[in-house]
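> Right, I'll just put the structure down here and ask away after.
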Amino acid sequence: MTKEVVSIEEMCNKIKADARAVYGSEEAVRRVEVYWEAGANLIILEAPKSLEELEYYAKTLVPKGIMLSANMLDGGRTPLVTFKQLEEMDFSSCSVPVMIIYAAAKGVMDAVSRLMADGKNANLGDGLITFSEFNKLIGLHEIRDLEEKQLGR
């Protein structure tokens, strides 16, 4: 007999705590408890629709030692609450998966729009960081030092 093993992707799809959308909050809680017992070490409940629902999950699961993480997705179903509110509900962590990308995309769109309208790149003013600020942001000095060290100079 050959042993069969499901792919990582299939297993991950099986253990997502997103039952709430189909079966409701109580079933989501039941599944979270099973996942926790099976060895999960952090739970992200998908798409709670209100602050009250976030509070319900926290009040129901955190006292059992279950560590919860909130997923604050701009434009998603979960209400965007503050980190302080999540901390007060005893959430263990919070992810903000796309806000930075959205902000960067908006900056790119604004810069390209201005470039196309003006025909030059001289009018962006405070819409840009300086060359030296960018080098500092990416740690260019440290990269150069590491290069020199690796090259034995």
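> For the chain, set up a Gaussian network in which alpha carbons nearer than 10 Å are linked by springs, and say which option among Ile101, Ile44, Ile66 fluctuates the most.
Ile101
> May I ask which residue of Ala105, Tyr57, Phe91 lies farthest towards the positive end of the charge dipole of the stretch 39-153, with charges of +1 (Lys, Arg) and -1 (Asp, Glu) on Cβ and the Cα centre as origin?
Ala105
> Now for a different question. Hey, for a label at Val6 modelled as a point 7 Å past Cα toward Cβ, could you say which residues of the stretch 28-67 have their backbone N under 20 Å away?
Within reach of a label on Val6: 28-46.
> Where the centroid of each part is defined by its Cα atoms, how far is the stretch 96-150 from the stretch 27-73 in Å?
Measuring centre to centre over Cα atoms gives 38 Å.
> Would you mind calculating the relative contact order of the chain from Cα pairs under 8 angstrom and at least 6 residues apart, reporting the percent as a whole number?
14
> If you split all Cα-Cα distances of the stretch 52-110 into 5 Å bins from zero, what percentages do you get per bin, shortest first?
Percent of Cα pairs in each bin: 4, 18, 25, 20, 13, 8, 6, 4, 2, 0.
> Between Glu133, Glu26, Glu88, which gets the highest mean-square fluctuation from a Gaussian network model of the chain, Cα cutoff 10 Å?
Its mean-square fluctuation being the largest, the pick is Glu133.
> Once the cut-off is 18 Å, how many percent of the Cα-Cα pairs in the stretch 100-151 end up in the long-distance tail?
51
> Next question. Can you give the Rg to Rh ratio for the chain, taking only C-alpha atoms and Rh from Kirkwood?
For the chain, the value is 1.16.
> From the helices alone, meaning DSSP H stretches of at least four residues, give me the mean residue ellipticity at 222 nm for the chain, per-run term -39500 (n - 2.57), in deg cm²/dmol to the nearest 500.
-16000 deg cm²/dmol
> Please check: in the Gaussian network model of the chain (C-alpha springs, under 10 Å), which one of Pro79, Pro63, Pro97 has the largest mean-square fluctuation.
Pro63
None of the figures in this text is laboratory data; all of them are computed from the coordinates on show. Note that this is a predicted model, so its numbers are computed, not measured. FYI the Cβ positions are ideal-geometry reconstructions off the backbone, even for glycines, and counts take in every protein chain you see.
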